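Contents: one structure, followed by commentary.
The values are calculated or read from the model by the stated rules, or taken from the named source; none is laboratory data. Everything numeric in this text was worked out from a predicted model, so none of it was measured. Reconstructed Cβ throughout: ideal geometry from the backbone, glycine too, with neighbour counts over all protein chains shown. Heads up: the accessible areas ignore ligands, DNA and RNA and are worked out on the full protein's heavy atoms, side chains in. Shrake-Rupley method; radii C 1.70, N 1.55, O 1.52, S 1.80 Å.
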Amino acid sequence: MKILGIMGSPRVKGNTDLLLEEALRGARSRQAEVEKLAVDRLKIAPCREYYGCLRDGKCVIRDDMDAIYDKLMEADGIIVASPIFFYSVSAQLKLLIDRCQALWARKYVLKQPPRRPGRKGAFIAVGATRGERLFEGTVLTIRYFFQAVDVEYAGELLIRGVDKRGEIKEHPDLLNAAYELGRKLAGDLTGL
């Protein structure tokens, strides 16, 4: 079983990264093979609406997304983690999501059947504020992203009021919740 972790924060070893690491560690405890992508370190151009993907399901832009498409489709589970910037996911993560228009086109325009039924995903988000509607936009974005790549939205960990680099270490209960999210996702995929 393969679980792909997508780290959408530009801050390595920050709160989002630490939570994702714990989730992946939880997945590993169930013998999952894990891989983490740090989106900020990748070369991903924005979608330019060339619509080449509507012809064959492939984006005409050549960059690091070429390898990411395969990783997204080969993973049994996906864990996406992002800080909240202006009530949305990070710009880095949004680039990756927008470029999945090619996968959306395969599913909805070209009517290609899902390559891997039964896949599941989870979302981790960390926001500095405590706004009541802080996660509404991000959860909707991730749900539609998962739908486009044939992944069931199966869990979430949404954290308010954490901002300073490494501040999440002061909340072992939240780190444990991330671990359990990854462990549960891997367990759901294996039926354990």
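Using alpha-carbon positions, what is the distance between the centroids of the stretch 2-17 and the stretch 103-162, in Å?
Rounded to whole Å, the Cα centres lie 15 Å apart.
Can you work out the PRE-style zone for MET1? Point 7 Å along Cα to Cβ, and I want the residues of the stretch 157-192 with backbone N under 20 Å.
The answer is 157, 176-192, whose backbone nitrogens lie closer than 20 Å to the label point.
Springs between alpha-carbon pairs under 10 angstrom, Gaussian network model over the chain: which of GLU21, GLU74, GLU170 fluctuates most?
Ranking GLU21, GLU74, GLU170 by mean-square fluctuation puts GLU170 first.
Could you derive backbone 3J(HN,Hα) for the stretch 162-169 from the dihedral phi with the Karplus parameters 6.51, -1.76 and 1.60 (θ = phi - 60°), listing whole Hz in sequence and x where the residue is Gly or Pro?
Using θ = phi - 60°, the values come out as 10, 9, 4, 3, x, 4, 4, 5 Hz.
With r defined as the distance between the Cβ atoms of TYR51 and ALA91 and R0 fixed at 25 Å, what FRET efficiency is calculated, to the nearest 0.05?
0.65
Tilt of helix 136-148 relative to the longest C-alpha principal axis of the chain, in degrees (0 to 90, nearest 10)?
Long axis of 136-148 versus the principal axis of the chain: about 40 degrees.
Tell me what the chain gives for mean residue ellipticity at 222 nm when only DSSP H runs of n ≥ 4 count, each as -39,500 (n - 2.57), the sum divided by the residue total, rounded to 500 deg cm²/dmol.
-11000 deg cm²/dmol
What three numbers, in Å, describe the spread of the alpha carbons of the stretch 100-152 along their principal axes, ordered from the longest?
Per principal axis, max minus min of the Cα coordinates gives 41, 21, 13 Å.
With every protein chain left in place, what is the accessible area per residue of the chain in square angstrom, probe 1.4 Å?
Ligands and nucleic acids excluded, the result is 50 Å² per residue.
Keeping all protein chains in place and using 1.4 angstrom, which order do LEU20, LEU181, LEU54 fall into by accessible surface area, from largest down?
LEU54, LEU181, LEU20
About its Cα centre, how strong a charge dipole does the stretch 39-192 have in debye, to the nearest 20, once Lys and Arg get +1 and Asp and Glu get -1 at the Cβ?
That gives the stretch 39-192 a dipole magnitude of about 380 debye.
List the residues whose amide H sits under 5 Å from the amide H of LEU157, counting only those 5 or more places along or on another chain, with H placed 1.01 Å from N in the peptide plane.
Answer set, sorted by chain and number: PHE123, ILE124, ALA125.
Tell me which of TYR153, LEU72, ALA125 sits at the most positive position along the dipole axis of the chain, charges placed on C-beta atoms (Lys, Arg +1; Asp, Glu -1).
Value computed over the given set: LEU72.
Output the 0 to 90 degree angle, nearest 10, between the alpha-carbon long axis of helix 15-28 and the longest principal axis computed from the alpha carbons of the chain.
80
With a 1.4 Å probe and all protein chains in place, put TYR179, TYR69 in order of accessible area, largest first.
TYR179, TYR69
Once the convex hull of the alpha carbons of the chain is built, what does its volume come to per residue, in cubic angstrom? Kindly include the intermediate steps, with their values, before the conclusion.
On the way: hull volume 19.9 nm³, N = 192.
About 104 Å³ per residue, rounded to a whole number.
When the accessible area of the stretch 117-168 is computed with all protein chains present and a 1.4 Å probe, what percentage of it is carbon and sulfur?
Carbon and sulfur together cover 46 percent of it.
Please list the non-local residues whose amide H lies under 5 Å from the amide H of LEU37, H modeled 1.01 Å from N, same-chain partners needing a gap of 5 or more.
It is GLY5, ILE6, MET7, by chain and number.
So what are the ³J(HN,Hα) numbers for the stretch 171-183, from phi and the Karplus equation (6.51, -1.76, 1.60; θ = phi - 60°), rounded to whole Hz, Gly and Pro as x?
Per-residue couplings from phi come out as 10, x, 5, 6, 5, 5, 5, 5, 4, 5, 4, x, 5 Hz.
Long-range amide H contacts for ILE78: which residues qualify at under 5 Å (H placed 1.01 Å from N, peptide plane, sequence gap of 5 or more or a different chain)?
Hits under the 5 Å cutoff: LEU4, LYS120, GLY121, ALA122.
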